[in-house]
Structure formats: C-alpha cells, structure tokens
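What follows is one structure encoded as structure tokens, with my remarks underneath.
The values are calculated or read from the model by the stated rules, or taken from the named source; none is laboratory data. Please read all numbers here as calculations on a predicted model, not as lab measurements. Cβ placement follows ideal geometry from the backbone for every residue including glycine, while neighbour counts extend to all protein chains displayed. Just the protein is used for accessible areas: all its heavy atoms, side chains included, with ligands, DNA and RNA removed. Shrake-Rupley method; radii C 1.70, N 1.55, O 1.52, S 1.80 Å.
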Amino acid sequence: MRANNVTKAVALALSVAWVAGCSTSGSSTDTSSTGTDGSATQAVNVDSGVSVSYEDVANLQTVFYFDFDKAVVKADGFADLEKHAQYLAANPSAQVVLEGHADERGTREYNMALGERRAKAVSRFLQVNAVSAGQIETVSFGEEKPAMLGHSESSWSKNRRVELKYVAR
Amino acid sequence: MSKLFKCFCFYLISSFSVVWAAETDLAIEITQGVDEPTPVAVVPFAWGGNSALSEDIAAVVAADLGRTGIFSMMDRKNMLSFPTQENQVFYRDWRAGKQDYLLIGRQIPLPNNQLKVEFELYDVVRATKLLNGNAVGSMNKMRSIAHYIADEVYEKLTGIRGAFSTRIVYVTAKQQGDGKGTFRLKMADSDGYNPITILERKEPIMSPSWSRDASKLAYVSFESGKPAIYIQHLATGKRQRLQSFPGLNGAPTWSPDGNRLALVLSKDGNPEVYILDLRSYNLTRITHHYGIDTEPSWSPDGQSLVFTSDRGGQPQIYKIHLPTRKLERLTYEGNYNARARMTQDGRFLAMVHRGIDNVFRIAVQDLKTGRLDILTDTFLDESPTIAPNGSIILYATQKGVRGVLGGVTLDGNVRFILPSASGDVREPAWSPYLK
C-alpha cells in the first residue's frame, strides 16, 4: 500500500517536473526524500503478480479531468490509471490513444498545445508505471471537440480532459 | 478602366466549383458608433432597364461606408430630392440636410446581362465634384459593383485604400457535444454576403490563413484523425496535404512574399515555431524553448515573426527577428496575451487579451508607444483578423449560446456584430486585397 502511494508520488512529481520543464533527476531526489523509507525503486516495480484482465480495464475510468490552464494529472485518477498501466505493461501488444482536450477559454492554437500537454502528462504517468512508449499515442484536439456544450464552469470542467482509448487489446 | 476590367475578370475567373449559396449567413448590426462621423448622402441610383434589379447598389454602398463608423449615412426619407445627374444637384438641399458629401449614380443595362454604373461624388460644403467614375459588371455580381464604388468613395474621402472588395473566410461548426459534428470552411464577401462552402468535414477545421496573392488558403483539418496542414487552391479546389509529423501540426500563416509558411510542430517534444519553405520544402526551426511556442504571424516586411509563448509562466506575445534571431517580449499588460496579428503598416498589434477580470477580449497595442487598448467588451472574444487597409478588426465572439463574428474599428469607437444564420461561426480570416 505504501509502495502504491510512492508510485503515485513519483508519477505526480515527474508530471509536475515535466510541466515545469525542470530536470527530472532533481525532482526524483525530492520525491524519495518524501517517501518514508526510500522505497522508490520498489514503487516502479508494478508487474508484481497483480493481474488485470481486459474485462477489468473495461470498467475503469477512461476520462481524466484537469484544472484550468493546468496539465497535472489529478490524484483521483491515479488508481485507475495505475490499473490501465498494469494491463498495458502485462500486454505489450495492447495500445492506447490519449486524446487531450481543453475548454473553450483562450485561443484555439494555444489550446491545441495545452491539450497535447495534458495527453503527454497522462502518457508520462503510464510510462513511469512501466508502460512502453510504443504502446501510447497522444493526439490533441484542443477546444475543438467539447464533451459538453455551454459557456460555464460546469461545461468547462468536463471539457478539460484526457480520454484514454484502447486501439488494440 | 483597365484596373476595373481586371477587377471583374478576377470575379469571373474565381467562379468556384461550389455553387454560390443564395442565403446570407451574416448580416450587419451596428452596436456602437462614433461621436462625430462625417455625414454622407447616397441617393438611390437611377435605373433605365425594364425589369426590377435584384440589388439596391446605392444601399450596399451606403452600408459599406456606414460600417466603417467614420461616416453617418443619410436616411433616404430625409432627402429633399433624388438627383441622379449633375444638373439635378442643388447643393442647398444637401447643406440644409447637414450633409458634407453626396453620391449619385445611374445604372444602365448593357447586352449579355451586363450592367454599367456611372457615379459622381460631390463635396457639398465646397460645391465641387470630387469624383467621376463608372463600373461595368455582370448583373449577378451587383454587390461586387457596389463594393467597388464604395472603395473608390472611401479612398477619395479618407486617402486610404478601400477594402470592401475583399473576402473573408471563417469556420462554422454544428456539434452536439458528443464529438460528432459538421465543420465547414466558408468564404464570403467582406460584408458577409454570398457565402460559399469551401470544405465540409465531419472532423474539426481550424486556423485558416490566406496566401498574400489571395489564391490559396492554408488551414488545419483533422479529417485523418490527427491535425494536419492543408493548402487549398481557391480557383480549382485542388488540395495538398503537407507532410505531417507526430504531435501538433498547426497554426499556419503565409509569409508576405508567399514563398514560406510559418507553422507549429511538436515533433521535437513540445510546440515550436518552424518556417517551411514552399519551394524547397526545407523546414527551419525558429524557437527553442521547453514551453509552448505557437501562433506565429509575420511582420509586414517578412523580417520578423510574432508568436505566443508561455516561457514567462503565462502566454505573452514575443517577436523574433529572423536574420539575427533576436528575441523581444512585446506584451506585459494582462495575464494572457495570445494570437497576435500585425497591421500592414507594422504599427499596431491586435491580440486576444485577458486582464485582471479574467475575461478574454480583443486588444490593440501601439508598438511605437507600447500603449494597449481593450477594444471589445463581449465574452470569449478571439481570433482577431485585420482588414488589409487596417480599418477594421474582425473577431469571433459569443452572442447568446452561439459563436458569431464581431467587428471593431482599430480605435474601438465602432463595433458591430455579424449574426449568423446557422451554427457556430469562428476563426475569421480577412483576405488581402484581391487585385
């Protein structure tokens, strides 16, 4: 259980580091110091006997939401993203597309960049959890494909998202 | 006369493969005017033909001039007389009506469904004739004749070349929020009339940009499932897909010399600005930063690019001088400045601006003094595009639940809305001069 938490912490730190554009090595040091007994290496070891079937994966959360102008994977998505990662790591032929989206505020091409940043943050989370880069494709739709129409936060919060879609199991 | 002939040849040559739609997508509605516009009277033009005309050319001329905000157009019901020839002009009538200028004209039917319009512009105060012109065109291009006359009058009265005989392109979208929809790239006259569909797709279309000779458009289409840049020839409809790279392929804008395209690729890990040479297809990377660099746009001399970057923590406008690669930050006011476009004289920068109230508006920065003026007060304003003569900025905004196009003069004194008949209208791009 503790290992799991450290995994999340590492993944989160890496995502944040990527977003902030810092070097990842510096942030990793910070992360292991926040772990209670320095078990960071153990944390990345996810193929530790837990088997996740495609049926299990089908019931997982596949849409992950973001804060305004942010590309940090939120903690409430960690558990399901880890299970996706376990499945993908155990099934190297499985592939996902990560579609990044933004809400309508801000300019369209800037939002394309923001959508890509979000998709890459999720990609980074999966890769930290032992998924190979070749199994992941990212594509940004910017603000062009809202999940919900409307000009208020209730729609916007649903549109700032990454959709994880399996293209091969 | 030869200039005019060329002008109408353009319209003939550019009769597109797509059928001209009868409906009007956009109609002008002026929401705010200037304090002391110059009063101008446009008298209904005489008509010597047998059948009724499909367009009121004088009314179209008056609407063009009125939309600039610098003129106030006299209401026909206040006119004391309706002169159509010089010997019918009595200046005292127009002085009594407090008019500064007077435009009269005559419409003469020609063989082969052609129409000739003769027109004269008078200075009421000085009691002199300023302009004597005529225009010949097809009966079904009467609005084009009217825009030509408006251009002539505008130039005579302001000293600035008119831009009414230009076009705009824009994107319309109909979508339900389930990711499915219909997206159209449309082209219309500068006043929104005569819209035609250039491209229709089930996937998003974005970022249309004109080539400087107005013969081609570059835009982004998701029709392959991923964003890719296409070039479309307007006369033939022929399309060319540029080589795509992993990640973003977006924000194309044409260089002033027409030989290069600035664009954004994220193939090296994050969005960077590149220049693609359309003759050699050589790609040159211009920006080098781990932040977002996007929305490049050319300075009129082709020597610099302005672009949006969040390298300072939030999106701001930067300028890079291409020969020296010297970088300069242009905007400091507000917490979000993006998608800048320069006026053709290089003096002003129009952009999307968000200030302390967190509302997105269109703003203009004077690049000489650094002064930034917020021009609009609507909601979610974006995609400013400037008329080739710098007179008006068109932009996308929201009216009710719908995306519509708005217009504002560069000084912010006149604003108007072009309400749409169908769907969300977005991303206007104003053409260069067409001749």
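So which residues in region B:102-116 are β-branched (Val, Ile, Thr) and surrounded by fewer than 23 Cβ atoms within 10 Å (Cβ to Cβ), if there are any at all?
Of the residues in region B:102-116, the ones β-branched (Val, Ile, Thr) are B:104, B:108.
Correct list: B:Ile108 only.
Could you say whether any residue in region B:201-211 is over 25 Å from B:Ser383 (Cα atoms) and open to solvent by 10 Å² or more (accessible area, probe 1.4 Å)?
Our first condition is that a residue be over 25 Å from B:Ser383 (Cα atoms); within region B:201-211, this holds for none.
Looking through region B:201-211, none of the residues is over 25 Å from B:Ser383 (Cα atoms) and open to solvent by 10 Å² or more (accessible area, probe 1.4 Å).
If you go through region B:34-78, how many residues are among the small types (Gly, Ala, Ser) and either not in a loop (DSSP other than H, G, I, E, B) or not assigned by TED's automatic domain parsing to the domain that holds B:Asn134 (or both)?
Just the residues of region B:34-78 that are among the small types (Gly, Ala, Ser), to begin with: B:41, B:46, B:48-49, B:51-52, B:54, B:58-59, B:62-63, B:66, B:69, B:72.
Subset that is either not in a loop (DSSP other than H, G, I, E, B) or not assigned by TED's automatic domain parsing to the domain that holds B:Asn134 (or both): B:41, B:46, B:58-59, B:62-63, B:66, B:72.
Result for region B:34-78: 8.
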For this session: Can you confirm whether region B:419-429 contains a residue that is buried (at least 18 other Cβ atoms within 10 Å of the Cβ), within 12 Å of another protein chain (Cβ to nearest Cβ) and within 14 Å of the chain's Cα centre (by Cα)?
Result: yes
Exercise. Could you count how many residues in region B:131-172 are surrounded by 19 or more Cβ atoms within 10 Å (Cβ to Cβ) and closer than 26 Å to B:His233 by Cβ?
Worked result: 17
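Between B:Val414, B:Val364, B:Val404, which is within 14 Å of chain A (Cβ to nearest Cβ) and open to solvent by less than 20 Å² (accessible area, probe 1.4 Å)? Spell out how you get there, then give the answer.
Details: B:Val414 fails: within 14 Å of chain A (Cβ to nearest Cβ); B:Val364 fails: within 14 Å of chain A (Cβ to nearest Cβ).
Testing whether each residue is within 14 Å of chain A (Cβ to nearest Cβ) and open to solvent by less than 20 Å² (accessible area, probe 1.4 Å) leaves just B:Val404.
Among the residues of region B:275-312, which ones are assigned to a strand (DSSP E or B) and among the β-branched types (Val, Ile, Thr)?
Of the residues in region B:275-312, the ones assigned to a strand (DSSP E or B) are B:275-277, B:283-285, B:293-298, B:304-309.
Listed by number, the residues that qualify are B:Ile275, B:Thr284, B:Thr294, B:Val306, B:Thr308.
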Problem set entry | Residue that is nearest to the other protein chains (Cβ to nearest Cβ) [pool: residues in region B:338-361 that are in contact with a Lys or Arg (Cβ under 9 Å, 6 or more places away or on another chain) and surrounded by fewer than 19 Cβ atoms within 10 Å (Cβ to Cβ)] | B:Asn358
Exercise. Just to be sure, is B:Ile386 away from chain A (no Cβ under 11 Å), under 21 Å from A:Gly142 (Cβ atoms) and open to solvent by less than 50 Å² (accessible area, probe 1.4 Å)?
Worked result: no
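Rundown of residues vs (1) closer than 25 Å to B:Pro296 by Cβ; (2) of a type in the set (S, T, N, Q); (3) in contact (Cβ under 8 Å) with a residue 12 or more places away in the chain, yes/no style:
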| residue | (1), (2), (3) |
| --- | --- |
| A:Val97 | no, no, yes |
| A:Gly115 | yes, no, yes |
| A:Ser155 | no, yes, yes |
| A:Lys158 | no, no, yes |
Problem set entry | Criterion: open to solvent by 40 Å² or more (accessible area, probe 1.4 Å), within 11 Å of chain B (Cβ to nearest Cβ) and not basic (Lys, Arg) - qualifying residue of A:Glu163, A:Glu153, A:Glu137, A:Glu143 | A:Glu137
For this session: Could you please find all residues in region A:129-154 being among the small types (Gly, Ala, Ser) and closer than 18 Å to A:Lys74 by Cα?
Result: A:Ser154
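So which residues in region A:101-134 are facing chain B (nearest Cβ under 8 Å) and in contact with a His (Cβ under 8 Å, 6 or more places away or on another chain), if there are any at all? It would help to see each step written out before you state the result.
Initial filter on region A:101-134 (facing chain B (nearest Cβ under 8 Å)): A:104-110, A:112-114, A:116-117.
Answer for region A:101-134, where residues must be facing chain B (nearest Cβ under 8 Å) and in contact with a His (Cβ under 8 Å, 6 or more places away or on another chain): just A:Glu104.
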For this session: Can you confirm whether region B:328-337 contains a residue that is in contact with a strand residue (DSSP E or B) (Cβ under 9 Å, 6 or more places away or on another chain), within 14 Å of another protein chain (Cβ to nearest Cβ) and assigned to a strand (DSSP E or B)?
Result: yes
For this session: Inspect all residues belonging to region B:173-181 and state whether any of them is more than 14 Å from chain A (Cβ to nearest Cβ) and either open to solvent by 40 Å² or more (accessible area, probe 1.4 Å) or in contact with a Cys (Cβ under 8 Å, 6 or more places away or on another chain) (or both).
Result: no
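Please return the ranges of helices (runs of 4 or more DSSP H) entirely within region A:52-169 where 1 or more residues are modelled with pLDDT of 95 or more.
A:78-90, A:108-128, A:153-159
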Exercise. Can you tell me how many residues in region B:313-326 are part of a strand (DSSP E or B) and surrounded by 14 or more Cβ atoms within 10 Å (Cβ to Cβ)?
Worked result: 5
Problem set entry | From the options B:Ala251, B:Ala235, residue that is in contact with a helix residue (DSSP H, G or I) (Cβ under 9 Å, 6 or more places away or on another chain), in a loop (DSSP other than H, G, I, E, B) and either at pLDDT 95 or above or at negative phi (or both) | B:Ala235
